[in-house]
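Taken together, the values in this text are just the output of simple stated rules run on the coordinates, not laboratory data. Everything numeric here is computed off the predicted structure, so don't read it as measured data. Here Cβ is always computed from backbone atoms with ideal geometry, including for glycine, and neighbour counts include all displayed protein chains.
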């Protein structure tokens, strides 16, 4: 339905004109996938806390896993295109976006940036085809934002490493074919990455239950107890936490785009609802207070789109800094959190019903606001970059 020349993408500042033909094509294909395959089925899965595994082969057919990674069967797309994938997947459902982001972003980027050529050849093509699924194990039960001080240990024993410790909130870990485990190497006292394959003795992953957000993502608690892996499983180019941080910097921009998707969904749902919902003999979209909320939502959404686009272009030009990535994630997550809350308000009591889809986005944004760096930590990363002073230990 068109409103005064604005199409269903609600592209108020003609954002579409900033995209290349390839970027628009990728966005449209992912949007169609979500509209046809994800949104019609996701609510019952979300409510039950189950993952729709039948979507994986259909998602694989889009040939988008690996995003900007060049070679190894990856599409080698622009960072904007990769960001648009996150935007459209989260516009469909945040859990699907997180599942995809963990394997295509965090896991594959860890192997690409920190792995040997042999490790890249072994894993990246299969992960790009989604024949294999990846997971990323950094966060620990007592170590969240302070990720540089990991307690999980890797002990060298002959030609093997023995891993001991625990990880928490690790998406995909209960079924992933390979999990990147970040641990402190006792030999060097530096953080290294290790590839732990599915079925390795000493690796135990259990689904975390009772979540109120991202319910279809199977987050896990991982226990590593004398988990032995070969020396060849160490990511050879991960030599300190700086290498881990580089992976996070190069995936954090995607979470900024994810927030755009949740905000876009909330705005579309709220606007369409306000045009249809009748109160006092007229659509509620005709009341000033509702229009004020819709305009604020659109204002925030438009700003988020433009910040994400610019950050992605900077990434492709090799100019993106850690602070810039953190600012986009921090700002977009805070904005999107307000947008989905206003969307829920416009729907009133109907906003907490899954059937109207707003409730998923409202709940899922709470997770987005916190993960890939909490709002506070991302704020301080930016503060450090603009002052030169680190305000946290």
Take every DSSP beta bridge whose two residues both sit in the chain, then give the antiparallel share in percent to the nearest 5. 85
Going from the fewest other Cβ atoms within 10 Å to the most, one would list 357, 149 as 149, 357
Using a 10 angstrom cutoff on alpha carbons, build the Gaussian network for the chain and name the most mobile of 260, 382, 157. 157
Which of 360, 156, 27 fluctuates most in a GNM of the chain (C-alpha springs under 10 Å)? That residue is 156
Build a GNM of the chain with springs between Cα atoms under 10 Å: which of 281, 348, 137 gets the top mean-square fluctuation? 281
Just subtract the alpha-carbon distance of residue 204 and residue 29 from 0.36 nm times their residue separation and send over the number in nm, one decimal. 59.3 nm
Determine one quarter of the surface area of the Cα convex hull of region 5-75, which equals its mean projected area, and express it in nm² to one decimal. 6.8
Mean 1/r over distinct Cα pairs of region 134-233, inverted to a Kirkwood Rh in Å, yields 13.5
FRET efficiency, 1/(1 + (r/R0)^6) with R0 51 Å, evaluated for residue 231 and residue 275 via beta carbons: 0.25
Counting pairwise Cα distances across the chain, what percent come out greater than 28 angstrom? 45
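What order do you get for 304, 320 when you list them from fewest to most C-beta neighbours inside 10 Å?
Placing the least packed residue first, the sequence is 320, 304.
Take the Cα atoms of region 260-384, build their convex hull, and give its volume per residue in Å³. Could you put the intermediate results ahead of the total?
Working: hull volume 12.4 nm³, N = 125.
Per-residue hull volume (Cα only) is 99 Å³.
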Using the Kirkwood radius over Cα pairs of region 259-306, the Stokes-Einstein translational diffusion coefficient at 20 °C and 1.002 mPa s, in µm²/s and rounded to a whole number, is 193
Virtual spin-label span in nm between residue 156 and residue 289, 7 Å along Cα→Cβ: 6.7
Let me know the whole percent of all Cα-Cα pairs from region 276-338 that are separated by more than 13 Å. 69
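Would you calculate, for the chain, the mean residue ellipticity at 222 nm contributed by helices, counting each DSSP H stretch of 4 or more residues as -39,500 (n - 2.57) and dividing by all residues, to the nearest 500?
Working: 12 runs with 184 residues, N = 393.
Value at 222 nm, helices only, nearest 500: -15500 deg cm²/dmol.
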So how far apart, in nm, are the two label points at residue 62 and residue 41 if each is 7 Å from Cα heading toward Cβ? 1.4
For region 47-82 and region 156-233, what is the separation of their Cα centres, given in Å? 22
Points 7 angstrom from Cα along the Cβ direction at residue 148 and residue 70: gap in nanometres? 3.1
May I ask for the angle, rounded to the nearest 10°, between helix 322-347 and the longest principal axis of the chain, with both axes built from Cα atoms and the value confined to 0 to 90°? 40
Stretch residue 223-residue 187 to full length: gain in nm at 0.36 nm per residue minus the Cα-Cα span? 10.8 nm
Using Cα-Cα distances under 8 Å and only pairs 6 or more residues apart, what relative contact order does region 241-387 have, in percent? 33
Quick one: Debye curve from the alpha-carbon atoms of region 15-129 only, equal weights, vacuum; give me log10 I(q)/I(0) at q = 0.17, 0.19 Å⁻¹ to two decimals. -0.82, -0.99
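By count of other Cβ within 10 Å, fewest leading, how are 322, 186 ordered? Mind dumping the intermediate values first?
On the way: 322 18, 186 14.
Ascending Cβ contact count within 10 Å gives the list 186, 322.
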